[in-house]
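Take a look at the structure below.
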């Protein structure tokens, strides 16, 4: 393992969401969804339970549709890697209100903790920068965590944040799996009407 | 580059008209010649976000995100791209998202490239297996009506709809450098 100081995932996500109360949140499947739900269910959360690789492009569509609100994608390294090309798609659009937060334990946590590419040589911040997301950084210190929340709320440019977390499994906190319920709740919270 | 602009075929203009008048705000695509007019028009339209994708399944997630945020979005792709989308189509069914895609067909009419055959011939079946209703337009004069019908089913009834644009609409691809 690399000598990077690792962060408690639940604490990181809870503090980030507490500091970004207006954010619209899309989660990748698995532990990232559990972390966001454990921080407190919100109408403006959308939890994926499948569609692996889809969290970041879903966040892009939402960010383009809601340019006046901060949009945050919170996902894991495995989920992001499956849809890694979407970082190029996001970079081509540069939505000012979109932040991608990858909780990186270097492993596929849901399937038995097999090592992922991010602990086998892939540098996700370098990947994000290479795709054209200039503001890409590792959030390790309390200051950089504060900076992440500030950037989310400021909506001044696309941001990519990598957070090294411990490869542990906190207690399961399962968000609703009822996709239509979560979708309609989210849209209602935005004041959108049924078709 | 020294190209003289050629007017787009009327059926391609009719497609953009349906999307524009239907209030589409995001057009996501992996390019194909048959979509070139709609893509150019989306890029030129200040009210429409054009989103070029690295692979088609991104578009399935993107249009769902757009709907979550209150906008209508559509996905343009070639038949080969349908294969790339299969698992991502789960999102549409699991959360009951409306979905509208236009698929230009390959591998079915005067096809020169055998590598286009397998996915082209499976395209309709793959879409239907994943719960997407399939319509097809084969003649230029029916494109506007069929695209409009599919569009309304998606955004007025919340269905998942693909309109296949037959390869015969686009015509034979010229391969020789004459």
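What follows draws every value from the coordinates through simple rules; no lab data is involved. Note that the coordinates shown come from a computational prediction; the quantities given were computed from them, not determined experimentally. Don't worry about glycine lacking a Cβ; one is built from the backbone with ideal geometry, like all the others, and counts go over all protein chains shown.
Using a Debye calculation, one point per C-alpha and no hydration shell, please list log10 I(q)/I(0) for the stretch A:59-195 at q = 0.09, 0.12, 0.21, 0.22 Å⁻¹ in order.
Debye output, listed in q order: -0.30, -0.54, -1.33, -1.37.
Over chain B, what per residue volume does the convex hull of the Cα atoms give, in whole Å³? Could the numbers behind the result be given before it?
On the way: hull volume 21.5 nm³, N = 178.
Measuring per residue, one finds 121 Å³ for the Cα hull of chain B.
If each Cα of the stretch A:4-104 is one equal point scatterer, what is log10 of I(q)/I(0) from the Debye formula at q = 0.14, 0.18 Å⁻¹?
Summing over Cα pairs of the stretch A:4-104 leads to -0.47, -0.78.
Using the 10 angstrom Cβ neighbour count as an exposure proxy, how do B:48, A:165 rank, fewest first? Write out the running numbers ahead of the final one.
Details: B:48 20, A:165 27.
So the residues, fewest neighbours to most, are B:48, A:165.
Taking other Cβ within 10 Å of each residue's Cβ, how do A:118, A:31 sort, fewest first? Provide the component values of the computation, followed by the final result.
Details: A:118 22, A:31 28.
In increasing order of surrounding Cβ atoms, one gets A:118, A:31.
Which percent, to the nearest 5, of DSSP beta bridges fully inside chain A are antiparallel? Mind dumping the intermediate values first?
Working: 2 of 26 bridges.
Percent antiparallel among DSSP bridges in chain A is about 10.
Round to a whole angstrom and tell me the spacing of the C-alpha centers of the stretch A:69-145 and the stretch A:170-191.
23
Average partner chain C-beta neighbours within 10 Å, per residue of A:183-192? All intermediate terms of the calculation are to be shown ahead of the outcome.
Values: counts 7, 3, 0, 3, 4, 0, 0, 3, 1, 5.
Other-chain Cβ atoms within 10 Å of each residue's Cβ, averaged: 3.
Averaged over its residues, how many other protein chain Cβ atoms are within 10 Å of peptide A:163-176's Cβ atoms? Present the calculation step by step, with values, prior to reporting the outcome.
Values: counts 0, 0, 0, 0, 0, 0, 0, 0, 0, 0, 0, 0, 0, 0.
Across the residues of A:163-176, the mean count of other-chain Cβ atoms within 10 Å is 0.
Taking one equal scatterer on every alpha-carbon of the protein assembly as shown, how large is log10 of I(q)/I(0) by Debye at q = 0.07, 0.09, 0.15 1/Å?
-0.31, -0.51, -1.25
Over the stretch A:89-195, calculate the relative contact order: mean separation of alpha carbon pairs under 8 Å at least 6 apart, over the residue count, as a percent. Write down the numbers at each step before the final one.
On the way: 120 pairs, mean separation 37.0, N = 107.
Normalised by residue count, the contact order of the stretch A:89-195 is 35 percent.
When the helices in the protein assembly as shown are scored as -39500 (n - 2.57) per DSSP H run of 4 or longer and the sum is shared across all residues, what 222 nm value do you end up with, to the nearest 500 deg cm²/dmol?
On the way: 16 runs with 154 residues, N = 373.
Computed mean residue ellipticity for the protein assembly as shown: -12000 deg cm²/dmol.
Can you give the FRET efficiency to the nearest 0.05 for residue B:20 and residue A:181, using r as the Cβ-Cβ distance and R₀ = 51 Å? Don't skip to the answer; put the middle values down first.
Numbers: r = 33 Å, r/R0 = 0.64.
E between residue B:20 and residue A:181, to the nearest 0.05, is 0.95.
I need the calculated FRET efficiency for the pair residue A:190 and residue B:174, taking r as the beta carbon distance and R₀ as 41 Å, to the nearest 0.05.
Details: r = 49 Å, r/R0 = 1.18.
According to the calculation, E is roughly 0.25.
Sticking with the crude label model, points 7 Å out along Cα→Cβ, report the distance from residue A:110 to residue A:122 in nm, one decimal please.
For residue A:110 paired with residue A:122, the spin-label model returns 1.6 nm.
Pairs of alpha-carbon atoms within less than 8 angstrom and 6+ residues apart define the contacts here; what relative contact order does chain A have, in percent? Let's see the in-between values first.
Values: 373 pairs, mean separation 51.8, N = 195.
Value for chain A: 27 percent.
For a Förster distance of 56 Å, can you work out the FRET efficiency between the beta-carbons of residue B:121 and residue A:147, rounded to the nearest 0.05? Please report the intermediate quantities before stating the final value.
Values: r = 53 Å, r/R0 = 0.94.
It comes out at approximately 0.60.
Please compute the modelled spin-label separation between residue A:14 and residue A:173, points set 7 Å along Cα→Cβ, answer in nm with one decimal.
Using points 7 Å along Cα→Cβ, the separation is 0.6 nm.
Enter the mean number of other protein chain beta carbons within 10 Å of the beta carbon of each residue in B:24-30, as an integer.
Working: counts 0, 3, 5, 0, 5, 0, 0.
Rounded to a whole number, the mean comes out at 2.
If Rh is defined by the Kirkwood formula over all Cα pairs and Rg also comes from Cα, what ratio Rg/Rh do you get for the stretch B:126-178? Kindly include the intermediate steps, with their values, before the conclusion.
Working: Rg = 14.2 Å, Rh = 12.5 Å.
Expressed as Rg/Rh, it is 1.14.
With viscosity set to 1.306 mPa s and temperature to 10 °C, compute the Stokes-Einstein D of the stretch A:134-195, Rh being the Kirkwood radius across alpha carbon pairs; µm²/s, no decimals.
Working: Rh = 15.1 Å.
Reported coefficient: 105 µm²/s.
So how do B:145, B:58, A:143, B:159 line up by other beta-carbon neighbours within 10 Å, fewest first? Write down the numbers at each step before the final one.
Numbers: B:145 12, B:58 31, A:143 9, B:159 18.
With the fewest neighbours first, B:145, B:58, A:143, B:159 line up as A:143, B:145, B:159, B:58.
Computed from the mean reciprocal separation of all distinct C-alpha pairs, what Kirkwood hydrodynamic radius does the stretch B:1-40 have, in Å? List each step's numbers first, then the result.
Values: mean 1/r = 0.0888 Å⁻¹.
11.3 Å is the Kirkwood radius here.
Looking at the protein assembly as shown, what % of its DSSP beta bridges pair antiparallel, to the nearest 5? All intermediate terms of the calculation are to be shown ahead of the outcome.
Working: 2 of 50 bridges.
The antiparallel fraction comes to roughly 5 percent.
Taking a ≥ b ≥ c as the square roots of the Cα gyration tensor eigenvalues, with a/c under 1.5 meaning rounded and otherwise prolate when a/b beats b/c, else oblate, which class fits the stretch B:51-134?
On the way: a/c = 2.48, a/b = 1.83, b/c = 1.36.
Note, shape of the stretch B:51-134 comes out prolate.
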